[in-house]
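The values are calculated or read from the model by the stated rules, or taken from the named source; none is laboratory data. Small disclaimer: the values here were computed from a predicted structure and weren't measured. Every residue, glycine among them, receives a Cβ derived from its backbone with ideal geometry; neighbour counts consider all protein chains shown. Surface accessibility is based on the protein's heavy atoms, side chains included, excluding ligands, DNA and RNA. Shrake-Rupley method; radii C 1.70, N 1.55, O 1.52, S 1.80 Å.
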Amino acid sequence: MNAPISFHSNGISIDEYSAESQVVPEVVIDICKQAAANPDYLLTVADILAWEAEFGTISAENVVLLYACGLVN
């Protein structure tokens, strides 16, 4: 998670966010199979569309989390 100050010199820092603004609905897109075959795999539009076809449209209020089975360098 990046606060606007990470991108804009006049942005706010993370400690300025209210606690309430940090509690939002989430969706998790699982790319374990793709990442196991290719550790450099990048999420694609097709991955997102496949998730939405199975679970429903991702709303603007959702935070999207990417699950790649713990593959961290």
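Observations on the structure shown:
- Candidates Ile48, Ile5 - the one that is modelled with pLDDT of 90 or more, assigned to a helix (DSSP H, G or I) and either out of contact with any strand residue (DSSP E or B) (no Cβ under 9 Å at 6 or more places or on another chain) or surrounded by 11 or more Cβ atoms within 10 Å (Cβ to Cβ) (or both): Ile48
- Counting the residues of the range 8-39 that are modelled with pLDDT of 85 or more, in contact with a helix residue (DSSP H, G or I) (Cβ under 8 Å, 6 or more places away or on another chain) and of a type in the set (S, T, N, Q) gives 1.
- Considering only residues in the range 51-62 that are open to solvent by less than 60 Å² (accessible area, probe 1.4 Å) and in contact with a Pro (Cβ under 8 Å, 6 or more places away or on another chain), the one that is farthest from Pro25 (Cα to Cα) turns out to be Ser59.
- Screening the candidates Leu42, Leu66 for the property of being in a strand (DSSP E or B) and at pLDDT below 95 yields one hit, Leu66.
- Of residues in the range 14-39 being in a helix (DSSP H, G or I) and acidic (Asp, Glu), the one farthest from Ala68 (Cα to Cα): Glu16
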